[in-house]
Structures are given as structure tokens and as C-alpha cells.
1. Exactly one condition in (1) over 33 Å from the mean Cα position of the chain (by Cα); (2) under 27 Å from Ile139 (Cα atoms) is false for Trp245; which is it?
2. Let me confirm something: among Leu153, Leu178, which residue is more than 30 Å from Ile237 (Cβ to Cβ) and aliphatic (A, V, I, L, M)?
3. Show the residue pairs meeting these rules: Cβ distance below 6 Å; 6+ apart or different chains; first residue within the range 210-225 and farther than 13 Å from Phe243 by Cβ; second residue at pLDDT below 85.
4. Where in the range 157-251 are there helices (runs of 4 or more DSSP H), lying wholly inside it, with at least 1 residues that are open to solvent by 70 Å² or more (accessible area, probe 1.4 Å), among the hydroxyl-bearing types (Ser, Thr, Tyr) and over 30 Å from Pro86 (Cβ atoms)?
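The values are calculated or read from the model by the stated rules, or taken from the named source; none is laboratory data. What you are looking at is a predicted structure, and each value in this text was computed from that prediction instead of being measured. Using ideal geometry, Cβ is built from the backbone for each residue, glycine included, and neighbour counts are taken over all protein chains shown. With ligands, DNA and RNA removed, areas are computed over all heavy atoms of the protein, side chains included. Shrake-Rupley method; radii C 1.70, N 1.55, O 1.52, S 1.80 Å.
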Amino acid sequence: MEITYASPSASDLLRSSTGASGSTMPTPRTIKIIPLQHPDTSSYGSPGGFGNNSSSSSLWPNSWISRYRGKIKRMTFFDWIEMFLPCCRWIRTYRWREYFQVDLMAGTTVGIMLVPQADSGFVPIFIYAIFGSSRQLAIGPVALVSLLVSNVLSGIAESSDALYTELAILLALMVGILECIMGLLRLGWLIRFISHSVISGFTTASAVVIALSQAKYFLGYDIDRSSEIVPIIKSIIAGSDEFSWPPFVMGSTILAIIQTMKFLVPEL
């Protein structure tokens with residue numbers, strides 16, 4: 001749509017300009033107006049805002065539900081099996097000659113480490129091999145998860161009490177149920193709202209706390225258990241008079257051997 005746009009006083013300005021300078025002003029410029037597409041106010045109720053009817057509030061959920069129903073209708077029997085048993089999906093593309101040897105070594109290493117830690121730690125590993133789909137997720141009683149559990153339960157019960165063990169089992173069950181629900185609803189995208197800096201800072205601080213808590217095996221005396229760095233450092237300094245040379249020499253030697261082997265054999 002094209003329209004000539006000029007103010008009501010344009011003719012007066014044109015006559016005054018002609019009489020003063022003897023030249024006429026250029027004709028009004030023709031401009032193109034793009035009409036604004038206003039939404040249908042009936043879907044929002046009253047013209048003044050998001051009205052009283054429920055069509056606006058149910059528009060997005062209805063579209064999401066309809067897409068979800070369409071996806072379910074298109075799923076075949078094998079799609080349902082792969083959904084609940086992801087191992088059926090990745091086992092078809094598993095490269096036995098390339099992956100089996102290294103996977104066997106990794107599984108044996110994890111098994112040897114779990115024997116002194118917790119015999120029940122074997123169960124989650126076998127379960128996740130069937131129902132899990134991530135190749136990078138660490139399964140088992142790792143130090144970082146143990147630190148989180150200790151932070152939650154330390155203020156409720158003592159670590160030596162039977163109640164502490166029961167609460168830890170209950171916490172693991174609750175987290176497992178929550179993760180199953182989030183997996184079925186495909187809510188993994190929520191992790192995008194947690195910035196990389198927050199995750200990196202939390203992981204680094206946890207690594208420092210875990211490393212300081214293991215210093216008692218190098219120094220030869222007990223250190224107070226804590227999830228904070230300052231109390232651990234104070235405990236290390238306070239017990240320095242109980243320092244023992246044999247565990248320090250043995251620990252330092254083993255650590256040097258591990259670092260040397262890692263430098264000589266980068267695959268380790």
C-alpha cells in the first residue's frame with residue numbers, strides 16, 4: 001500500500017517558500033507503509049491484556065501435548081525397547097575389536113578399586129550398562145558424590161551411626177527416582193542453565209578438598225573430616241608435631257612412580 005504523507009500545513013509552507021525565494025518546494029515524498037499485523041484479541045480475552053478465557057493459557061500445553069502424542073504414535077515396537085533398554089541401541093554399533101580390550105581393562109580396574117570401598121558398588125555398574133546411555137558418566141562410589149552425600153547427611157547423623165547408612169541409601173533411592181523421571185520426560189536440557197564456570201569451580205574446589213583429606217595417609221596422623229578447606233588446613237597444621245616419615249616417604253615414592261609411568265606411557 002502506497003500513500004502520500006504530508007502535514008496539513010504543507011500547502012502554506014509551499015506558498016511561503018515560493019514567494020520568498022521564487023522557487024517551489026519539492027513535492028511531498030511518497031512512502032510505503034507496512035501495516036502492522038495485530039494479533040487476534042479474542043484469543044487473549046479482553047482487549048486490555050491476557051483476558052479471562054483459558055484458550056491463551058492452554059495454547060502452549062496443547063501444542064506440546066499434541067506433538068508428544070504424534071511422536072508416541074510414530075514409535076514402533078523396537079523404538080520402545082530401545083527407549084527403555086538403551087543397551088539394545090548401542091550394542092549394534094559396538095566395535096568389539098577396538099573397544100572390548102580397553103573396556104575390559106577399565107572394568108577390571110574399577111572392580112579392583114571397588115573391592116576395598118564397597119562390594120555393593122558393583123550393582124550400579126551392571127545396571128547402568130543395561131539402562132544407561134552415556135559413555136562419559138562415572139558410575140560407582142566416587143569421591144565427589146561421597147563428598148556431596150557427606151555434606152547433606154553430616155548435619156543429621158554421625159557417620160558411625162546406623163541411621164547415617166540408612167539415610168544414605170534413602171538419598172540414593174530418591175536421586176535415582178528423580179533421575180528416572182527426568183530421563184523419561186527428556187529434561188536433560190535443564191543442565192544448560194548451569195554455566196560452565198559454576199561447574200568448573202565446584203569440581204576444582206571439590207578436588208582440592210578431596211586431596212587435602214587424603215593428606216593424612218602421607219603425613220601419618222589423623223585429620224579432622226570436613227567439607228571445607230580452612231578447617232582441614234587448620235587440622236593439618238595443628239597435628240604437625242605427630243608427623244611420621246615412613247608413610248610420607250612411601251607415599252611420595254609411589255606418587256613419583258605413577259607420574260613417571262604416566263609420562264612414559266601417555267595412554268595410561
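1. Here Trp245 clears every test but (2).
2. Exactly one of Leu153, Leu178 is more than 30 Å from Ile237 (Cβ to Cβ) and aliphatic (A, V, I, L, M), namely Leu178.
3. Ile210/Ala143
4. Fully inside the range 157-251 and qualifying: 162-184, 196-213, 216-219.
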